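Enquirer: Can you read through this structure? Questions will come right after.
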Amino acid sequence: MKKFSLLLAAVACSPSYLYAEYNTNMTGVVTEVLTYTESNNILFRLNNQPASHPTCKPGYFSVDASVPSETRHQVLSRLLTAYATGKPVNIGYDKDGTCSGTWIRTYRVG
């Protein structure tokens, strides 16, 4: 019982991003890629950007700053290549909940 109580306490105190869910995909052409010197988030838009989202601002998708630097660099490279060539990308994101800052959190760019 003591172990169960400790596990329950650990889950209750866990950061909210642990409950994030990659639950949908969409394909579109990258129309904008934004980076900022004061943030490690990568923002981008697709030509068919969702018009709404239940908890996040729908204007951009975001690769969160909590993603390891090497992985963010790979994703940025993929986004810039897609932007430069006009080729569509397929992204995975959370359509129901977790945001990255105020934008839609992205989990995969392929």
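Enquirer: Report, by chain and number, residues whose modeled amide H sits under 5 Å from the one on ARG108, excluding near sequence neighbours (fewer than 5 apart, same chain).
Expert: Correct list: GLY92.
Enquirer: Assuming R0 = 22 Å, what is the FRET efficiency of LEU80 and GLN49, from their Cβ-Cβ distance, to the nearest 0.05?
Expert: The pair LEU80/GLN49 has a calculated efficiency of 0.80.
Enquirer: Tell me the net charge near ASN40. Cut-off is 13 Å between Cβ atoms, ASN40 excluded, with +1 for each Lys or Arg and -1 for each Asp or Glu.
Expert: So the surrounding residues net to -2.
Enquirer: Something else now. What distance in nm separates the two pseudo spin-label positions at THR31 and ALA65, each 7 Å out from Cα along the beta-carbon direction?
Expert: A separation of 2.8 nm, rounded to one decimal place.
Enquirer: Using 0.36 nm per residue of separation minus the Cα-Cα distance, give me the extension gain between ASP96 and HIS73 in nm, one decimal.
Expert: Result for the pair: 5.7 nm of gain on full extension.
Bear in mind that the values in this text are calculations on the coordinates, not laboratory data. Everything quoted here is computed from the prediction, not taken from an experiment. With ideal geometry, Cβ positions are generated from the backbone for all residues, glycine too; neighbour counts draw on all protein chains shown.
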